[in-house]
Each structure stands twice: as C-alpha cells, then as structure tokens.
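Report on the following structure.
The values are calculated or read from the model by the stated rules, or taken from the named source; none is laboratory data. Every value quoted in this text rests on a predicted model; they were computed, and no experiment measured them. Don't worry about glycine lacking a Cβ; one is built from the backbone with ideal geometry, like all the others, and counts go over all protein chains shown.
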Amino acid sequence: MATLAAVLATTHHPFYLKATSAPPDQQIPQAAEWKRKVEAYRETLTRAEPDILVMVGADHFHQFFLDNYPTFMIGKAPRYDATFYNEEREFGLPKYVLEGHEELSGFMHRGLLDRGFDFSFSHELKIDHSIICPIITTRPDADLPIVPIYTNIFAPPLPSPKRFWDLGRAIRDIIDEYPSDKRIAAVGSGHLSLELGGPRQFGQTGPDPDFDRQAIEWLSTGNIDEILANVTHESMTKSGNATHGFMDLILMMGIAGPIAADYVDNLDLYHTMEAYFTWYPQERPA
Ligand SMILES: [Fe+2]
C-alpha cells in the first residue's frame, strides 16, 4: 500500500515570491525572516521524500464563478497549466505546467464516490495560486506529479466545516488503500482570518488576530472537537469575508487525523497571519 509520507497545511500568500526576490533595498522588512521560515517549512516536505503530491486548493474565481462553481472537484488530466494572467500581473507569479498523476486521480475519484462524496471532475483544469503558491514555497522545482482537489470556499452555499473534516478523513482512507509502493504527500492551502476587497483588507494585522491565534492552537494540537464546536460559516464571516478558506486547513488536518502537528510555525505579516503545519501521520523521519 502507498505511504502517506507527510501532510502539509499552509496559508498561500501570493506576494511571497515577489517580496523575497526583489532587490534587497526594495524588500519589505519581513522578507528575510519570511524566506527563512518558508525554506525551513520546505524542508519538512523534502525530508519526507514524496513521489506524488495530492494538492488541495480553491479556485479564486479564475475558472469558476458565482454562476457555476463545483462544491468539490478533482482534476484527472495528464498535465495542468497554471497561473492566470492577473496572478502574473499582480503577484509576479510565473507560469507552470504540472504533470498530473492520472492513475491516482482515478483511484481517488472512485474512492470518494464510494465514500459518499459525489465529486465533480475535470480533464482541463487550470491551476491558480492556491496550488501554485504552495508549489513555490514547498516544492519550487515542481518536479512531482500532482492530483489536484478543489473545494468551494467562496461561492455560497458552502459545505459545513464538518464536511471538510470528513472529506479529509476520506482522502486519508483512500491514500492508505492505494495499491502502490509510492510515497504520497498531501499539501493543501487555505486562509486564516482574511478580508478580500472589504473594509478590513490590508490592515496592520489580519482582520481577526484572536481567531488566528486560536486557529493555530487548534490545528497545532489536532483539536477538531473545539474547531467544530466554535467555527461556523457565521463565525468565519465575522473574522473576515474570506476566512472560510480555513475549512481547507480543517480538511488537511482531516487527512492527518486528530493528532498534534509535528511542525508548526507562523509569521505575523502586516495584513495577514501566515501559518505552516506539517504532520507525519505514519512515520517520523529522522
Ligand atoms: Fe486565497
């Protein structure tokens, strides 16, 4: 059976590459520390020696919009183009072509249907920064085949936080049952408290620093009971209009299980909290 080599849950700040590759005299004050933290986080994936990446993200209204948005979707293509024009223009993100792992995509899709998750699927998915930013930070060579999974965190009505957790648990089951000697890592990105386009965007901190601290504590300790007791669509809206991306971090913890993370780090940037979590659910590399 396949080995789940690591589970990574991370925020996906689109300005990381621009902020850390600008000439030193033009960098923001936090750039050097940010780069150090990201490179340390990258090592948590590198040392797990993965062969395939299951990537979890959400389309930021690039390919899907309010009139047509799949709740959960899996990519089944042999390769995926990545980076939309506005992401190149605004964030300076390069274009990529990522290889797809069609066999695991097919096995995952069948397994999800069998477990009560009626996924949409796509053979022509184009990937946005919710997956490319984690590639840039954790696997910049982009040399591994991927299985992309997209969730709806943007276009109401949204699935419940519990549904994201259950989906993570189902993905874990399927990885454990995949008949292969490959090492699989799951890398997913989401949000802590976040405001996009609203009055609380670009403040001195994220829109709800108390939620950010609490969320990091919950994810660090694997405390799904407290998350499900406290986090609702309404509570997330109060923490910022894009805070629902936290549900993708819940999903990633669902793949790991209700266990403490093996690696936790965060960085308080001027308008958002960055956070980085890694679990080694089946093994703990030296
Ligand atoms: Fe995002």
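Worth pointing out:
- Residue match in segment 73-83 (condition: surrounded by 16 or more Cβ atoms within 10 Å (Cβ to Cβ) and within 16 Å of the ligand (Cβ to nearest atom)): yes
- For segment 230-245, the tally of residues that are assigned to a helix (DSSP H, G or I) and either more than 11 Å from the ligand (Cβ to nearest atom) or of a type in the set (Val, Ile, Thr) (or both) stands at 8.
- Within segment 202-218, at least one residue is within 16 Å of the ligand (Cβ to nearest atom), closer than 22 Å to Thr44 by Cβ and buried (at least 24 other Cβ atoms within 10 Å of the Cβ).
- Some residue of segment 51-69 being of a type in the set (Ser, Thr, Tyr) and either part of a helix (DSSP H, G or I) or in contact with a helix residue (DSSP H, G or I) (Cβ under 9 Å, 6 or more places away or on another chain) (or both): no
- Of the criteria (1) modelled with pLDDT of 95 or more; (2) touching a Pro at 6+ places or on another chain (Cβ under 9 Å); (3) polar (S, T, N, Q), which one Ser220 fails: (2)
- Scanning segment 130-162 for residues that are closer than 25 Å to Leu93 by Cα and assigned to a helix (DSSP H, G or I) yields a total of 9.
- Within this structure, Gln204 fails the test of being out of contact with any Cys (no Cβ under 9 Å at 6 or more places or on another chain), free of Cβ contacts under 8 Å to residues at least 40 places away in the same chain and closer than 29 Å to Ala19 by Cβ.
- Residue that is farthest from Asn241 (Cα to Cα) [pool: residues in segment 163-214 that are part of a helix (DSSP H, G or I) and either among the hydroxyl-bearing types (Ser, Thr, Tyr) or in contact with a strand residue (DSSP E or B) (Cβ under 8 Å, 6 or more places away or on another chain) (or both)]: Asp176
- Among the residues of segment 94-120, those that are of a type in the set (D, E, K, R), farther than 22 Å from Asp141 by Cα and loosely packed, with under 14 Cβ neighbours inside 10 Å comprise Arg110, Asp114, Asp118.
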